[in-house]
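One structure is given here, and the rest of the page talks about it.
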Amino acid sequence: MPILETHEVSVRFGGHLAVDAVNLAVEEGVITGLIGPNGAGKTTTFNVITGLQAPTGGKVELAGRDVTKVSAHKRARLGVARTFQRLELFGSLSVADNVLTAAELNKQAGLAPSAVVEHLLGRVGLTDVANRRADSLSTGNARLVELARALACRPSVLLLDEPASGLDDDETDRFAEILSELAADGLAILLVEHDVPLVMRLCREITVLNFGSVLAHGTPVEIQSDKRVIEAYLGQGPDVGAAS
Ligand SMILES: Nc1ncnc2c1ncn2[C@@H]1O[C@H](COP(=O)(O)OP(=O)(O)OP(=O)(O)O)[C@@H](O)[C@H]1O
Ligand SMILES: [Mg+2]
């Protein structure tokens with residue numbers, strides 16, 4: 001059974017249907033891709049899943065439980081974590097303190113928050129910069145801090161909104177490796193990303209949104225050869241929409 005499902009989720013902003021009856025299923029131990037052109041409704045879908053945006057219609061289920069009316073705060077406690085399209089770190093705090101804020105809010109019995117931070121910084125390869133101010137980091141490292149902070153919430157489902165945006169090739173490779181490891185450990189990951197080669201490499205299944213609706217769903221091979229997807233999105237060339 002998928003750990004996260006959306007059923008016919010819709011969001012209307014005034015006269016504009018930003019998300020139109022979207023069905024998604026995300027499984028444990030799997031990286032699922034959510035791609036599509038700028039404005040297709042990806043971030044809005046994330047906002048509905050995390051509880052920041054109430055849907056106009058449809059429902060969100062977490063481990064079979066309807067959480068559509070559950071607050072964002074409670075959903076986080078139930079295991080939904082995310083990173084943001086625009087980096088949202090505490091710039092004047094150290095790398096370690098950025099992660100500590102999340103670890104303290106999600107205390108684990110018998111485990112000091114500082115020990116959790118140490119473990120997570122090791123996991124994402126940031127031990128060496130633990131005491132640096134967050135605003136002094138490269139984009140690549142800043143995105144890893146965001147990832148560590150999301151992991152400190154002990155999620156069962158992790159939503160990543162363009163995590164490779166602004167990363168160079170080496171940083172992207174490192175990020176990809178970490179995501180693969182997290183999935184291998186059982187985490188369910190929903191990945192929004194315009195770096196198409198990265199999505200094709202990491203994801204087992206991909207849902208393509210276009211103008212708020214699901215245009216296609218399938219494996220990377222199926223999606224890459226789908227004429228409608230090529231026309232609406234992939235035909236724009238590599239790293240489509242990355243300049244957004
Ligand atoms: N709070 C809002 N009020 C009104 N319209 C909104 C709001 N948030 C998003 N939209 C509109 O909803 C549509 C979907 O936006 P969304 O940010 O979900 O797209 P996206 O797929 O994440 O795009 P991108 O790839 O550029 O990040 C867009 O037309 C956007 O302008
Ligand atoms: Mg977006």
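Taking every residue in the stretch 57-75 that is surrounded by fewer than 16 Cβ atoms within 10 Å (Cβ to Cβ) and pairing it with any residue that is part of a strand (DSSP E or B) and polar (S, T, N, Q), at least 6 positions away or on another chain, the pairs with Cβ-Cβ distances below 6 Å are Gly57/Ser10.
Among the candidates Leu52, Leu78, Leu62, Leu87, the residue that is farther than 30 Å from His16 by Cα and either of a type outside the set (Gly, Ala, Ser) or assigned by TED's automatic domain parsing to the domain that holds Val124 (or both) is uniquely Leu78. Of the residues Ala148, Ala183, the single one that is under 30 Å from Arg65 (Cα atoms), at pLDDT 95 or above and out of contact with any strand residue (DSSP E or B) (no Cβ under 8 Å at 6 or more places or on another chain) is Ala148.
Checked against the criterion of being touching a residue at least 40 places away in the same chain (Cβ under 8 Å), crowded, with 20+ Cβ neighbours inside 10 Å and within 16 Å of ligand 2 (Cβ to nearest atom), the stretch 121-141 has no qualifying residue.
Of the residues making up the stretch 150-173, those that are without any contact (Cβ under 8 Å) to a residue 60 or more places away in the chain and surrounded by 16 or more Cβ atoms within 10 Å (Cβ to Cβ) number 5. Filtering Thr68, Thr50, Thr56, Thr32 for residues that are within 16 Å of ligand 2 (Cβ to nearest atom) and hydroxyl-bearing (Ser, Thr, Tyr) leaves a single hit, Thr50.
When each of Ile206, Ile230, Ile178 is tested for being more than 30 Å from Arg65 (Cα to Cα) and over 13 Å from the mean Cα position of the chain (by Cα), the lone residue that passes is Ile230. Among the residues here, Glu28 does not qualify as surrounded by fewer than 16 Cβ atoms within 10 Å (Cβ to Cβ) and in contact with a Gly (Cβ under 6 Å, 6 or more places away or on another chain).
The values are calculated or read from the model by the stated rules, or taken from the named source; none is laboratory data. Just so it is clear, the model here is predicted, and its values are computed rather than measured. Cβ sites come from the backbone with ideal geometry, for glycine too, and all protein chains shown count toward neighbours.
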